[in-house]
Amino acid sequence: MIGRFLYDYLTSQPNISNLVGNRVFPLLLPQNAETPAIVYFIQDQRLVESKQCYPYIFRSSILFNLWVDVNMGQEAYDTLEFLELQMMKSLHGVSDIVLGNVHLYNSKMHMVNSARDDTFLSFMKTMQFLMDYKIEIL
């Protein structure tokens, strides 16, 4: 459910979808996938129970791997930096977003790491966001 929210939200952001189109994938980058692309991984999903949060709020740590093809040369790194900035603008500090049956209450960026993958000949940035959200049962 949160996966569908992430896909719908990211592909609805013009500066992100202009770069990746609909190439937003869960868990793994498919073999031979075009880049740039985004892969998300829900690291954990915990129920938050406190007086400060609404009942049945989930808190998740979500990793986003941003991929670009190394063969793009300097443009690859420029694209990766631009995509990172657009992810920050779209997800850091946002609140009260409802899509489908998910209500995102809060999203904050926690960290960013750079890497490369010699197998896929790609540059990658990993961004971690902490998100609080409620899933409505339809």
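The lone criterion from (1) more than 12 Å from the chain's Cα centre (by Cα); (2) open to solvent by 50 Å² or more (accessible area, probe 1.4 Å); (3) more than 21 Å from residue 126 (Cβ to Cβ); (4) in contact (Cβ under 8 Å) with a residue 12 or more places away in the chain left unmet by residue 45 is number (3). Restricting the range 49-81 to residues that are over 14 Å from the mean Cα position of the chain (by Cα) and closer than 18 Å to residue 110 by Cα leaves a set whose member that is modelled with the highest pLDDT is 81.
Within the range 57-100, if we keep just the residues that are in contact with a strand residue (DSSP E or B) (Cβ under 6 Å, 6 or more places away or on another chain) and part of a loop (DSSP other than H, G, I, E, B), the residue that is surrounded by the most Cβ atoms within 10 Å (Cβ to Cβ) turns out to be 94. Test residue 111 against the stated conditions and say whether it is at pLDDT 90 or above, exposed (fewer than 15 other Cβ atoms within 10 Å of the Cβ) and not basic (Lys, Arg). In short, no. Only one of these conditions is not met by residue 31: (1) part of a loop (DSSP other than H, G, I, E, B); (2) farther than 17 Å from residue 133 by Cβ; (3) modelled with pLDDT under 85. Which number is it? Unmet condition: (3).
The values are calculated or read from the model by the stated rules, or taken from the named source; none is laboratory data. Bear in mind that the values here come from a model prediction, so they are computed numbers and not experimental data. Cβ sites come from the backbone with ideal geometry, for glycine too, and all protein chains shown count toward neighbours. Each accessible area value is taken on the protein alone, full model and side chains, heavy atoms only, with ligands, DNA and RNA left out. Shrake-Rupley method; radii C 1.70, N 1.55, O 1.52, S 1.80 Å.
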